[in-house]
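Novice: I'd like to ask some things about the structure below.
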Amino acid sequence: MLNPNLQRLNPYPFEQLASLLEGVRPPAGLTPIPLSIGEPQHNPPSFVLDTLTEHMGLISKYPSTKGSEALRQSIAAWVNKRFSLEHAPISPETQVIPVNGTREAIFASLQAAANATAGALVVMPNPFYQIYEGAALLAGLAPHYLQILPSGQPDYLAVPDSVWKDCQFCFICTPGNPTGTVISEGTLEHLILKANEFDFWLASDECYSEIYRDSPPPGLLEVCAKAGNTDFSKCIVFHSLSKRSNLPGLRSGFVAGDSKFIEPFLKYRTYHGCSMSLAVQKASELAWSDEQHVINNRALYADKFDSAADILGGRMDTRDPGAGFYLWAKTPSACDTFSRELFEATGVTVLPGQYLGRRVDGYNPGAGFVRMALVAEPEMCKEALRRINSFITR
Ligand SMILES: Cc1ncc(COP(=O)(O)O)c(C=O)c1O
């Protein structure tokens, strides 16, 4: 006997990609270049790695689920500065919890919050980061997908109250994966009002918030504070060191926001048993308190988006979404065929957009697009873009 909800899980996009490319041989002599997975390839900050090594001895101790005060203070200081919360600062004591990467926290937060009553919904964009759906299904709730528009985000203002009435938890992603587009302050304010009116948790996945070209994307907590919701009622945010600091293997992030969520979530996590290793806590404390490496990292991505426009210019939709590290490009043929033929001809792997979305009302808004993660080192990325260009101009 197994949890029947396990049967409801969809195959993960990378599993589908592996089947799509099975037996396909890229040209011999061309180094394969994966643009399919969003795993940053820039160097992690060396001072973080040094701190990690220096504190390896702490592995002999059990860490607390709540995390050290020093780490929570470092996180709170970063959030307060980045999101201009000086007048309504978050409390490191009651409004922050370190997590082992946002993936597990996104999943766990919904398990902690869910009350699996008939008809209860988890609202999410479509296409989406796959954990939102998996978390909803395993919590016994129904995903409710909001189709993204060509702008790259759903029209949250058009969601009827009949949906909000049944909503228990709403995931938003800003900057978005896969499109990189940012939700405006006005829309965030609207969502905060709906979450409070209809009593659901509004969970903002902001793990790409530090990868932007011109101006920093607004965050949910910032908009709460501006709107006078200074205890962040019904709102939580997820942040990660994976993209900001090129530390995907450190497994370090945090959840912050409404203490009415954070406190029971801490209790949930005590039983779940997902505390952060003390050496990782020390390294994370330092990473959150340094901005220079983040500024340097942003510059590398900006250069790659400029190159994409130069190399592919006009032949594929290379509009810089303004944030994140993905190019979300329309394909001239079906996105899975395009991805397979591209791999066969060039050794470059991209992810068919249809794997990231679901068919709703007769169409899958991810179909006809590919997601290209510009994560490789700049020269490697440019080489991939040149190969894609020669493939599409052939
Ligand atoms: C939208 C989004 N949220 C969350 C995550 C999880 O990141 P991590 O668990 O490394 O913090 C990812 C990873 O790719 C992502 O794309």
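Novice: Please list, ordered by first then second residue, the pairs with beta carbon atoms under 6 Å, 6 or more apart or interchain, first in segment 238-263 and not assigned by TED's automatic domain parsing to the domain that holds CYS224, second within 10 Å of the ligand (Cβ to nearest atom) and in a loop (DSSP other than H, G, I, E, B).
Specialist: From residues that are not assigned by TED's automatic domain parsing to the domain that holds CYS224, there are no pairs.
Novice: Can you give me the number of residues within segment 184-201 that are among the small types (Gly, Ala, Ser) and assigned to a helix (DSSP H, G or I)?
Specialist: Residues meeting the conditions: 2.
Novice: Where in segment 74-176 are the helices (runs of 4 or more DSSP H), entirely inside, with at least 1 residues that are within 14 Å of the ligand (Cβ to nearest atom)? Don't jump to the end; show me each part of the working.
Specialist: On the way: elements: 102-113, 130-138, 161-166.
In segment 74-176, the matching helices (runs of 4 or more DSSP H) lie at 102-113, 130-138.
Novice: Okay, next question. Of the residues in segment 166-221, how many are small (Gly, Ala, Ser) and under 16 Å from LYS243 (Cβ atoms)?
Specialist: Narrowing segment 166-221 to residues small (Gly, Ala, Ser): 176, 180, 184, 186, 195, 203-204, 209, 215, 219.
Now restrict to residues that are under 16 Å from LYS243 (Cβ atoms): 176, 180, 204, 209, 219.
Result for segment 166-221: 5.
Residues checked against (1) touching a residue at least 12 places away in the same chain (Cβ under 8 Å); (2) under 26 Å from ASN177 (Cα atoms); (3) out of contact with any Phe, Trp or Tyr (no Cβ under 6 Å at 6 or more places or on another chain); (4) not β-branched (Val, Ile, Thr):
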| position | (1), (2), (3), (4) |
| --- | --- |
| LEU35 | yes, yes, yes, yes |
| LEU49 | yes, no, yes, yes |
| SER60 | no, no, yes, yes |
| ALA76 | yes, yes, yes, yes |
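Novice: Mind checking which residues of segment 30-57 are within 16 Å of the ligand (Cβ to nearest atom), among the polar types (S, T, N, Q) and touching a Lys or Arg at 6+ places or on another chain (Cβ under 8 Å)?
Specialist: SER36
Novice: Is it the case that GLU54 is charged (D, E, K, R), closer than 30 Å to PHE232 by Cα and in the same structural domain as ASN177 (by TED's automatic domain parsing)?
Specialist: Working: charged (D, E, K, R): yes; closer than 30 Å to PHE232 by Cα: no; in the same structural domain as ASN177 (by TED's automatic domain parsing): yes.
In short, no.
Novice: Quick one: count up the residues across segment 251-275 that are assigned to a helix (DSSP H, G or I) and more than 16 Å from the ligand (Cβ to nearest atom). Show your work before the answer.
Specialist: Of segment 251-275, the ones assigned to a helix (DSSP H, G or I) are 259-272.
So of that shortlist, the ones also more than 16 Å from the ligand (Cβ to nearest atom) come out as 259-268, 270-271.
The qualifying residues number 12.
Novice: Just to be sure I understand the filter: pairs with C-beta atoms under 8 Å, separated by 6 or more residues or on different chains, first member in segment 354-373 and assigned by TED's automatic domain parsing to the domain that holds ALA308 and within 18 Å of PRO11 (Cα to Cα), second member assigned to a strand (DSSP E or B) and among the basic types (Lys, Arg). Which pairs pass?
Specialist: Filtered contacts from segment 354-373: LEU356/ARG371.
Novice: So which pairs qualify, if the first residue must be in segment 274-303 and within 13 Å of ASN246 (Cα to Cα) and outside the structural domain of LEU247 (by TED's automatic domain parsing), the second must be modelled with pLDDT under 95 and assigned to a helix (DSSP H, G or I), the Cβ gap must be under 7 Å, and the two must be at least 6 apart or on different chains?
Specialist: As it stands, the answer is LEU300/PRO378, since those pairs meet every condition given.
Novice: Same structure, new question: Can you name the residue in segment 219-250 that is within 16 Å of the ligand (Cβ to nearest atom), in a loop (DSSP other than H, G, I, E, B) and touching a Gly at 6+ places or on another chain (Cβ under 9 Å) and, of all such residues, is farthest from LEU278 (Cα to Cα)? Walk me through it before giving the result.
Specialist: First, pick out the residues of segment 219-250 that are within 16 Å of the ligand (Cβ to nearest atom): 219-220, 236-250.
Checking which are in a loop (DSSP other than H, G, I, E, B) leaves us with 219, 245-250.
Subsequent filtering for residues that are touching a Gly at 6+ places or on another chain (Cβ under 9 Å) retains 248, 250.
Details: PRO248: 17, LEU250: 12 Å.
Looking at residues that are within 16 Å of the ligand (Cβ to nearest atom), in a loop (DSSP other than H, G, I, E, B) and touching a Gly at 6+ places or on another chain (Cβ under 9 Å), I get PRO248.
Novice: I'm trying to understand the selection: among the residues of segment 198-240, which are among the basic types (Lys, Arg) and crowded, with 24+ Cβ neighbours inside 10 Å? Talk me through it step by step, then tell me what you get.
Specialist: In the first step, residues of segment 198-240 are kept if they are among the basic types (Lys, Arg); the result is 213, 226, 234.
LYS234 - this is the single residue of segment 198-240 that is among the basic types (Lys, Arg) and crowded, with 24+ Cβ neighbours inside 10 Å.
Novice: From the list ASN43, ASN100, exactly one residue is exposed (fewer than 15 other Cβ atoms within 10 Å of the Cβ), under 21 Å from the mean Cα position of the chain (by Cα), touching a residue at least 40 places away in the same chain (Cβ under 8 Å) and over 16 Å from ILE236 (Cα atoms). Which is it?
Specialist: Values: ASN100 fails: exposed (fewer than 15 other Cβ atoms within 10 Å of the Cβ).
Of ASN43, ASN100, the one residue that is exposed (fewer than 15 other Cβ atoms within 10 Å of the Cβ), under 21 Å from the mean Cα position of the chain (by Cα), touching a residue at least 40 places away in the same chain (Cβ under 8 Å) and over 16 Å from ILE236 (Cα atoms) is ASN43.
Novice: Across segment 1-37, what is the total count of residues that are assigned to a loop (DSSP other than H, G, I, E, B) and within 26 Å of LEU141 (Cβ to Cβ)? I'd like the intermediate steps shown before the answer.
Specialist: Taking segment 1-37 as the starting set, the residues that turn out to be assigned to a loop (DSSP other than H, G, I, E, B) are 1-3, 9-12, 22-32, 35-37.
Restricting the remaining residues to those that are within 26 Å of LEU141 (Cβ to Cβ) gives 1-3, 9-12.
Within segment 1-37, residues that are assigned to a loop (DSSP other than H, G, I, E, B) and within 26 Å of LEU141 (Cβ to Cβ) number 7.
Novice: Return yes when HIS272 is surrounded by 20 or more Cβ atoms within 10 Å (Cβ to Cβ) and over 20 Å from LEU58 (Cβ atoms) and no when it is not. Give the derivation first.
Specialist: Numbers: surrounded by 20 or more Cβ atoms within 10 Å (Cβ to Cβ): no; over 20 Å from LEU58 (Cβ atoms): yes.
So HIS272 does not fit the description; no.
The values are calculated or read from the model by the stated rules, or taken from the named source; none is laboratory data. Bear in mind the structure is a predicted one, so any value in this text is a computation, not a measurement. All Cβ positions, glycine included, derive from the backbone under ideal geometry; neighbour counts span all protein chains shown.
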